[in-house]
1. Which residues, taken from the range 180-196, are small (Gly, Ala, Ser) and touching a Ser or Thr at 6+ places or on another chain (Cβ under 6 Å)?
2. Restricting the first residue to the range 180-192 and requiring it to be over 17 Å from Leu23 (Cα atoms), which pairs with a second residue that is part of a helix (DSSP H, G or I) meet a Cβ separation below 7 Å and a spacing of at least six or different chains?
3. Could you please find all residues in the range 233-251 being over 18 Å from the mean Cα position of the chain (by Cα) and either farther than 18 Å from Trp15 by Cα or near ligand 1 (Cβ under 8 Å from one of its atoms) (or both)?
4. Among the helices (runs of 4 or more DSSP H) lying completely within the range 3-76, list those that include at least 2 residues that are within 16 Å of ligand 1 (Cβ to nearest atom) and at pLDDT 95 or above.
5. Residue under question is Ala92, and the condition is that it be more than 16 Å from ligand 1 (Cβ to nearest atom), free of Cβ contacts under 8 Å to residues at least 40 places away in the same chain and more than 25 Å from Val234 (Cβ to Cβ); does it hold?
6. Looking at the structure I just gave you, is Arg195 in contact with a strand residue (DSSP E or B) (Cβ under 8 Å, 6 or more places away or on another chain) and either among the basic types (Lys, Arg) or over 20 Å from Ser69 (Cα atoms) (or both)?
7. Filter the range 212-232 for residues that are farther than 15 Å from Val24 by Cα and within 12 Å of ligand 1 (Cβ to nearest atom) and give the result.
8. Please specify each residue of the range 86-114 satisfying the condition of being assigned to a helix (DSSP H, G or I) and more than 16 Å from the chain's Cα centre (by Cα).
Amino acid sequence: MTETLIEALERARGWLKAAGRVLVITGAGVSAESGIPTFRGGGAYWSGFSPNELSSVRGFDANPCLVWSWYEERRARVRSAEPNAAHRALAAYTTRADARILTQNVDGLHLRAARGLGTPSAANDPIEFHGSLFKVRCRRCHRPGPNPETIDASSRDTLPRCLRPHCRGLMRPDIVWFGEAIPEENRLLSIKLAREADVCLVIGTSLEVYPVADLPDQTRDTDGKVVEVNVFPVVRGTTNTAANLVGKAGDVVPELLAGLP
Ligand code: NAD
Ligand code: ZN
């Protein structure tokens with residue numbers, strides 16, 4: 001007999017109540033109810049260009065104006081979106097529990113939800129594991145720069161450039177592109193957080209992208225539990241190690257976290 005959502009919620013709440021540390025991993029599904037499309041939900045192609053042409057160093061070097069116009073459109077779309085009930089419930093939870101968010105999303109909505117609570121604490125900021133639409137760095141010297149308010153991608157001359165006088169390289173989105181590795185510091189931090197966590201709460205991700213896909217098993221390898229929130233669950237396991245909460249993040253996450261210390 002399959003477990004009902006209420007039974008799975010009870011089990012997950014019990015684990016979270018008993019947990020010392022919690023790692024929360026999120027993916028595109030947590031932002032779906034904010035109106036931002038998921039990857040596999042369509043929208044991977046833009047004006048006939050493939051993700052590889054839009055999100056790779058090779059694509060950027062070949063046509064930085066094209067890449068920046070795509071990113072500028074995404075930036076505008078996300079700016080006009082709002083964090084949803086799941087982002088808000090998670091932001092509140094991480095201020096009262098020993099819980100850290102690691103997101104694959106580049107939309108900055110977890111950070112905006114945290115700032116919205118008026119309790120900015122950089123030490124507990126969500127880890128933007130794949131970078132952010134609102135951060136830029138130099139293609140040539142790799143140093144970060146200030147985030148431009150708007151980006152005029154009509155020609156190479158109007159694109160943002162590095163402010164260091166001897167560099168003046170083109171700025172690129174500070175996002176982990178195809179073929180690029182996660183910065184080592186963050187990769188090591190993610191493994192440490194997953195192994196130290198008593199519960200790994202996985203929300204709205206297909207777990208198809210590595211190294212994130214391995215993290216829930218790191219928690220289980222060290223005797224932790226995995227709680228998943230997804231409309232189409234992907235985490236497997238017995239009722240001793242996993243709880244699948246089937247539903248929308250905006251409904252299930254606030255319900256799960258309500259009343260938890
Ligand atoms: P994905 O598109 O592969 O998977 C999304 C998952 O969310 C699916 O398992 C789906 O069943 C689930 N889902 C959809 N709507 C949901 C809802 N309302 N509530 C709960 N679950 C829901 O996304 P991914 O696993 O994050 O991997 C895609 C990659 O694309 C990531 O690397 C990410 O950086 C990038 N991406 C980011 C954004 C963003 O920043 N918002 C959007 C699209 C893609
Ligand atoms: Zn530079």
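1. Of all residues in the range 180-196, those small (Gly, Ala, Ser) come to 181, 190, 194.
Of everything in the range 180-196, just one residue is small (Gly, Ala, Ser) and touching a Ser or Thr at 6+ places or on another chain (Cβ under 6 Å), namely Ala194.
2. Taking only residues 6 or more apart or on different chains, not a single pair turns up.
3. Gly247, Asp251
4. On the way: elements: 5-18, 29-32, 51-54, 57-62.
By residue number, 5-18, 29-32.
5. Working: more than 16 Å from ligand 1 (Cβ to nearest atom): yes; free of Cβ contacts under 8 Å to residues at least 40 places away in the same chain: no; more than 25 Å from Val234 (Cβ to Cβ): yes.
Considered against the rule, which asks whether it is more than 16 Å from ligand 1 (Cβ to nearest atom), free of Cβ contacts under 8 Å to residues at least 40 places away in the same chain and more than 25 Å from Val234 (Cβ to Cβ), Ala92 comes out as no.
6. Working: in contact with a strand residue (DSSP E or B) (Cβ under 8 Å, 6 or more places away or on another chain): no; either among the basic types (Lys, Arg) or over 20 Å from Ser69 (Cα atoms) (or both): yes.
For Arg195, the condition - in contact with a strand residue (DSSP E or B) (Cβ under 8 Å, 6 or more places away or on another chain) and either among the basic types (Lys, Arg) or over 20 Å from Ser69 (Cα atoms) (or both) - is not met.
7. First pass over the range 212-232, keeping only residues farther than 15 Å from Val24 by Cα: 221-223, 231-232.
Once the filter is applied, which keeps residues that are farther than 15 Å from Val24 by Cα and within 12 Å of ligand 1 (Cβ to nearest atom), the range 212-232 yields Val231, Phe232.
8. To start, the set of residues in the range 86-114 that are assigned to a helix (DSSP H, G or I) comprises 86-96, 109-114.
Those that are assigned to a helix (DSSP H, G or I) and more than 16 Å from the chain's Cα centre (by Cα): Ala92, Tyr93, Thr95, Arg96.
The values are calculated or read from the model by the stated rules, or taken from the named source; none is laboratory data. Please read these numbers as outputs of a predicted model, since none were measured by experiment. Note that each Cβ is placed from the backbone with ideal geometry, even for glycine, and that neighbours are counted across all protein chains shown.
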